[in-house]
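Enquirer: Supplied in structure tokens, the structure appears directly below.
What follows draws every value from the coordinates through simple rules; no lab data is involved. Note that the structure is a prediction, hence the values are computed from the model and not measured. Glycine gets a Cβ as well: all are built from the backbone with ideal geometry, and neighbour counts include every protein chain shown.
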Amino acid sequence: MLNAVTAPSARHMLFPLLAALIWSLNMVVTKMAAGVIAPAVIGFYRWVLAGVILTPFVLPGVLRGWRAIVPHLGKLAVLGALGMAVYQGLIYVAAATTTATNMGIITAMVPLLTIVLVCIVLRELPAWTAVAGGALSLLGLGVLLGEGNPLRLLEVGGSTGDALMGVAALAYAMYGVLLRRWPLPIGVWQSLYVQVLFGILLQVPSYLLAPASPLNASNIPLVLYAGIFPSLFAPYLWMQGVRYLGPNRASIFLNLMPVGTVAIAAVMLNEVPHSYHIVGGAMALAGVSLAQWRPRAAG
């Protein structure tokens, strides 16, 4: 009998699909939060809420395995800084000066940036498909950010928000590479919980220095969504997708994120996609897909 990884059912495919849709909606929620709550405040509250929800379920296991966790606290702190503080924090700041559509497409570049960082950090040479896919993705981003003309970027440059999204994507790509380089002998949820705690701790200074931004009827739903769905439900669904489909098959669903973000932003934010969004986004996604493809070795 074939196992679940080689013979996935339609039900198993729902796991990564729902995770991708949750993350897509989160880009729109992040854009909506730009005008109703300070970036540092929602970033802090989001992970506090996630930590509070996780505590009764995960803290007992963390305490039981504390001796195994202590030697890896430094690595967990770096992962928490990259994945929770830098990546998420920059996205909230970027939302003030870019569109949800651009945010979704730039975030889709994380797999490509991961390939580049693997070459640098892990000293693994890329396949020709990765090089060709990278070139196509960069050209597609040039079309997108240059509003149809990549050379326009040389004349006027991109927006601050787009640049911050690029840095955020790079931080999350490094997060993934370090997860691979540092195989931690602790449970996934215990690792995530400790990273969340470090993420909260590292965001305390920016939270304290942020302008007053009290919770109200306009921003509480956004904080609740950010703290529950993309922080807790999406990672669980994603881990289930990887479990049943394998990492390669599951990663294909990440390419649906910018498509979902564009569609949701069009409905909720009236961000009507232009032709350069479609052309540039399609080129960027095609490049990412090509970069992740590994042809069978001859013979």
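Enquirer: Once Rh is set to the Kirkwood radius over Cα pairs, what Stokes-Einstein translational diffusion coefficient, in µm²/s, holds for region 231-291 at a temperature of 25 °C and a viscosity of 0.890 mPa s? Please report the intermediate quantities before stating the final value.
Expert: Details: Rh = 13.2 Å.
Translational D for this selection: 186 µm²/s.
Enquirer: Rounded to a whole number of µm²/s, how large is the Stokes-Einstein D of region 1-150 at 20 °C and 1.002 mPa s, given Rh as the Kirkwood radius over C-alpha pairs? Write down the numbers at each step before the final one.
Expert: Numbers: Rh = 19.0 Å.
Once the numbers are plugged in, D ends up at 113 µm²/s.
Enquirer: Would you mind computing, in nm to one decimal, how far apart the modelled labels at THR160 and ILE228 are, each placed 7 Å from Cα along Cα→Cβ?
Expert: About 3.4 nm, to one decimal.
Enquirer: Moving to a separate point now. Give the peptides 101-112, 61-72, 198-209, 160-171 in descending order of average Cβ contacts within 10 Å, highest first.
Expert: The densest-packed peptide leads the list: 101-112, 160-171, 198-209, 61-72.
Enquirer: Run the simple label-point estimate for LEU138 and ARG67 please: 7 Å along Cα→C-beta, distance reported in nm.
Expert: With each label point 7 Å from Cα toward Cβ, the separation is 5.1 nm.
Enquirer: For the chain, just the Cα set please: Rg and Dmax, both in angstrom.
Expert: 19.3, 65
Enquirer: Next question. For VAL52 and VAL78, compute 0.36 nm times the residue count separating them, minus their Cα-Cα distance, and round to one decimal in nm.
Expert: That pair, VAL52 and VAL78, stretches by 7.2 nm at full extension.
Enquirer: Give me the compactness ratio for region 185-246, meaning the Cα radius of gyration over 2.2 N^0.38 Å. It would help to have the intermediate numbers written out before the result.
Expert: Details: Rg = 15.3 Å, N = 62, 2.2 N^0.38 = 10.6 Å.
The value comes to 1.45.
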